[in-house]
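Report on the structure given below.
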Amino acid sequence: LHVCDPTSGEPDDRRAADWTWAAVRHGVMVFHTMRSTLKVCPPLTIPDEALREGIEALGTALQSLDA
């Protein structure tokens, strides 16, 4: 997941870090690569329901920062 400033489109390391911690607070483990990129690494054997739950939680986490 590449994170950019919404107004300039430039890579945004600070926003990536904020998104990382918001995701973790909502139960989704993501890795901030110390650039403007996040890695989401679900196991290859993740059940469909768990994948949907994780995607919803990640969306909620990202929306919580825009509020």
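The values are calculated or read from the model by the stated rules, or taken from the named source; none is laboratory data. For clarity, every value in this text was computed on a predicted model and none was experimentally measured. Here the Cβ positions follow ideal geometry from the backbone for every residue, glycine too, while neighbour counts run over all protein chains shown. These area figures cover heavy atoms from the full protein model, side chains too; ligands, DNA and RNA do not enter into them. Shrake-Rupley method; radii C 1.70, N 1.55, O 1.52, S 1.80 Å.
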What does the accessible area of Leu65 come to, in Å² to the nearest 10, when a probe of 1.4 Å is used?
70 Å²
Which FRET efficiency value, to the nearest 0.05, do you get for Arg14 and Leu44 by plugging their Cβ-Cβ distance into 1/(1 + (r/R0)^6) with R0 = 35 Å?
0.65
Rounded to the nearest 10 Å², what accessible area does Glu56 have for a 1.4 Å probe in the complete protein model?
130 Å²
For Glu56, placing the label point 7 angstrom along Cα-to-beta-carbon and taking the stretch 17-35, residues whose amide nitrogen sits under 18 Å are 23-29
Expressed in angstrom and ordered largest first, the alpha-carbon extents of the chain along the principal axes are 37, 25, 17
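Roll a 1.4 Å probe over the protein chains and send me the accessible area per residue for the chain in Å².
Values: 4800 Å² over 67 residues.
It amounts to 72 Å² per residue over the chain.
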Calculate how steeply helix 13-25 sits against the longest principal axis of the alpha-carbon atoms of the chain, using the helix alpha-carbon long axis, and give the answer as 0 to 90 degrees to the nearest 10.
30 degrees
How high is the relative contact order of the chain, in percent, counting Cα pairs under 8 Å that sit 6 or more residues apart?
33 percent
Taking +1 at the Cβ of each Lys and Arg and -1 at the Cβ of each Asp and Glu, which of Trp19, Cys41, Leu1 sits farthest along the dipole of the stretch 1-45 towards its positive end, judged by Cα position relative to the Cα centre?
Cys41
Give the angle, between 0 and 90 degrees and rounded to the nearest 10, that separates the Cα long axis of helix 48-66 from the longest principal axis of the Cα atoms of the chain.
30 degrees
